[in-house]
1. What does the extension gain come out to for Lys103 and Ala169, with contour length at 0.36 nm per residue minus their alpha carbon separation?
2. For region 65-157, what relative contact order do you get, as a whole percent, if you take Cα pairs closer than 8 Å and at least 6 residues apart?
3. To the nearest 20 Debye, how big is the dipole of region 35-173 about its Cα centre, given +1 on the beta carbon of each Lys and Arg and -1 on that of each Asp and Glu?
4. Please tell me the relative contact order of region 82-126 in percent, rounded to the nearest whole number, where contacts are Cα pairs under 8 Å and at least six residues apart.
5. Is the shape of region 35-173 rounded, prolate or oblate, going by the alpha carbon gyration tensor and its root eigenvalues a ≥ b ≥ c, with a/c under 1.5 for rounded and a/b larger than b/c for prolate?
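Quick note: the coordinates plus some simple rules give every number you see, no bench work behind them. All of these numbers come straight from a predicted model, not from anything done at the bench. Here the Cβ is made from the backbone with ideal geometry for all residues, glycine too, and neighbour counts use every protein chain on show.
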Amino acid sequence: MSHLTRFAVAGFAAALLLAVSPAIAHADTMAPPSASGSAAPVSLDANATPPSGAVANCLDSGSVWLVAITDQGQTLANACVGTPASGTDALTAAGVGIGRDSKGMMCALGGYPNPCPAVFDGRFWQYYTGSVDTKKWDFYQVGSDDSKPAAGTIEGWCYGETCTPPDIALLLAGNGQTPAPAGSSPSSAPVTASAKSNSPWLALGLGLVVVAALVLIAIVRSRRDAPRGKAAA
């Protein structure tokens, strides 16, 4: 294989590597939620998002709102439940069935999971109380049988190893609106999308520059290594 051919092949290989590398780097930066040190809110199906103003109206009236989401995104409850005496009463008011194991411990809500795990696998129904003022969820330190939901608060349930209920701002917004991720600015999404969509073209352009440079080097070397004519006598 000639010097020109070898360098051309090397150049095209470099271009291919540059074109593929952005996708690899993007995948490597997609860390799971648990790696960030805090649980990520579970997703809320847009079809189950309450109407705009429904949550605020419920809380303003002194009632309690309850939301319960599985780790598969299934919405078991997302409704105003009045003034329940306990978290268990709130679930009952929302029509969510409660499954218990042989020791009387809660192991399923609304038939999920089915059957109740015979052996603890790290996942369980996690119970929170949410404030409309702080827009934050606080993990209950007591079980739902002993909790006393305060008027104007939100009861939140999610299933998994580490999770929090849907973002309170999303619940308040209603109508399927999704709030921006924490720490982002309104202009960050378009910039990120543009950079992501243009990165393959940038890589291709750099690859072509590399190919051109390598071909030029190959031509110079081939001329330098070519047999020279005899010097004139």
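1. The span from Lys103 to Ala169 would gain 20.1 nm if fully extended.
2. Reported relative contact order: 30 percent.
3. 60
4. 24
5. prolate
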